[in-house]
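Below is one structure, written out as structure tokens; the observations come after it.
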Amino acid sequence: MLDLAFVRDHLDVIEQMARHRGISLDLAPFSELDAERRQLITHTERLKAERNKASDEIASLKKAGKDASAILAKMKDVSDEIKRDDERIVLLDERLKQFLLVIPNIPHASVPVGKSAADNVEVRRWGAPRKFDFAPRPHWELGEAAGILDFSAAAKIAGARFAVYKGWGARLERALANFFLDVHTRESGYTEILPPFLVNTASLTGVGQLPKFAADMFHIENTDLWLTPTGEVELTSLYRDETLDAPALPIKLCAWTACFRSEAGAAGKDTRGIKRQHQFQKVELFKFTRPDESYAELESLVRDAEALLQRLGLHYRVIKLCTADMGFASAKTYDIEVWLPSSAEFMEISSCSNCETFQARRSGIRAKPKGGKSEFVHTLNGSGLAVGRAWIALVENYQQADGSIVIPDVLRPYMGIDRIPAGKKD
């Protein structure tokens, strides 16, 4: 959430932000509400000053044994007016807050201005596409043929956009998650968290998921609970309404969670395989940082995610997102995209963002230096990595002509085998 005073004083910046993000944003209601609120506050403060002065006069009259009934009657009317104004101010405060909650973050100056994903900027690549002497197959064909992926069983259990992992397929999912967590905690200084997978409305509002993206999530009927769409929600909310010790920053956290999304706007997209599911698993990276250190920490976070792909030997590229392709809460985002040989294209596997104070202001998270004034922290998040998409990339890139799948060296201690065998041929 942006600061109320900032929005009021920089409407031109907000209008430019909306144009660059390619969204429609009518600021007239905000200006009207804000003007009425400020006028009411000024008027109410004048009435309260008048009431305070009258209280002294009433006390003097009573002390002198004189009649104060006329002033008392007038002050009753003044008090009633103050009460009405205060109630109106509270209402206006809430309406302004709701307006601010749907204004996206302002992109950092280094973010390229663009109209669509076509205007994103490639930053770097690592590795090269694997060469095959046969036509590489998509992961859903490989998975079903090897007996490690079952969509029919998932449809029977839950419906479309779910998958059942079997045998070595389930073990590969678990191996990837454990490998990611071990590297982050043992080598990169992250503290592992295992949070609830159900989150409340306050938590979702704090990170920017609500009220704007309610249709993209699953709500538990007759409760204040939702299925988490991303571990970012839980990790942000660990310190909601708290003041951190500034010298202790950055705080670096990671968490494996299941994630749940309705994919309300994804009808017809990526319907084959496990690329876009209602439930998927992800290892989330998260940082609370000082404002002056957050962009260096963003670069570090991206490198932490990249390191996993390098160890797995998977070709990828890093993309800097343009203004129109960034997430609602982000001030700057890098996407990491991994190569899929079956379709000869890159697929997003991690999105790493600096949200600056946007989430911290909504969530009430500050840091205070010794002897100094507290300020809102900057929050950063990224996938390290999306486990299901890493599963896709590994299966496709390490497939063999006979349908078996070679296991990269770094995963063999977790898997206990060097390859997943091909399924039995008819």
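The values are calculated or read from the model by the stated rules, or taken from the named source; none is laboratory data. Because the structure is predicted, anything quoted here is derived from the model rather than measured. Reconstructed Cβ throughout: ideal geometry from the backbone, glycine too, with neighbour counts over all protein chains shown. All accessible areas refer to the heavy atoms of the entire protein, side chains included, with ligands and DNA or RNA removed. Shrake-Rupley method; radii C 1.70, N 1.55, O 1.52, S 1.80 Å.
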Inspect all residues belonging to the stretch 354-362 and state whether any of them is over 20 Å from the mean Cα position of the chain (by Cα), open to solvent by 20 Å² or more (accessible area, probe 1.4 Å) and not small (Gly, Ala, Ser).
no
Filtered residue count, the stretch 72-101, keeping only those that are under 18 Å from THR44 (Cα atoms), open to solvent by 100 Å² or more (accessible area, probe 1.4 Å) and basic (Lys, Arg):
4
For GLU284, are the conditions met, namely being touching a residue at least 60 places away in the same chain (Cβ under 8 Å), touching a strand residue (DSSP E or B) at 6+ places or on another chain (Cβ under 6 Å) and among the acidic types (Asp, Glu)?
yes
Criterion: touching a Lys or Arg at 6+ places or on another chain (Cβ under 8 Å) and either more than 30 Å from ARG272 (Cβ to Cβ) or of a type in the set (S, T, N, Q) (or both) - qualifying residue of GLU375, GLU356, GLU348
GLU375
Within the stretch 29-51, can one find any residue that is more than 19 Å from ASP86 (Cβ to Cβ), open to solvent by 70 Å² or more (accessible area, probe 1.4 Å) and in contact with a helix residue (DSSP H, G or I) (Cβ under 7 Å, 6 or more places away or on another chain)?
no
For residues in the stretch 301-321 being of a type in the set (Gly, Ala, Ser) and surrounded by fewer than 19 Cβ atoms within 10 Å (Cβ to Cβ), which is nearest to VAL121 (Cα to Cα)?
ALA307
Please state which one of GLY167, GLY143, GLY159 is at positive phi and in contact with a Gly (Cβ under 7 Å, 6 or more places away or on another chain).
GLY167
Within the stretch 120-158, work out how many residues are surrounded by 13 or more Cβ atoms within 10 Å (Cβ to Cβ), in a strand (DSSP E or B) and not hydrophobic (A, V, I, L, M, F, W, C).
2
Restricting to strands (runs of 3 or more DSSP E) lying wholly in the stretch 337-426: which have 1 or more residues that are among the hydroxyl-bearing types (Ser, Thr, Tyr) and either farther than 17 Å from LEU142 by Cα or without any contact (Cβ under 8 Å) to a residue 60 or more places away in the chain (or both)?
345-354, 378-386
Given the structure, is ALA344 among the aliphatic types (A, V, I, L, M), at positive phi and at pLDDT 95 or above?
yes
Please state which of the following conditions ALA248 fails to meet, knowing it meets all the rest: (1) open to solvent by less than 30 Å² (accessible area, probe 1.4 Å); (2) of a type in the set (A, V, I, L, M, F, W, C); (3) over 18 Å from the mean Cα position of the chain (by Cα).
(1)
Residue selected from the stretch 369-380 under the condition under 10 Å from ALA246 (Cβ atoms) and modelled with pLDDT of 95 or more, by the criterion farthest from the chain's Cα centre (by Cα):
SER374
Could you tell me whether the stretch 407-426 includes any residue that is open to solvent by less than 20 Å² (accessible area, probe 1.4 Å) and farther than 30 Å from LEU301 by Cβ?
yes
Which residues, taken from the stretch 270-288, are outside any loop (DSSP other than H, G, I, E, B) and either farther than 16 Å from VAL302 by Cα or open to solvent by 30 Å² or more (accessible area, probe 1.4 Å) (or both)?
GLN279, PHE280, GLN281
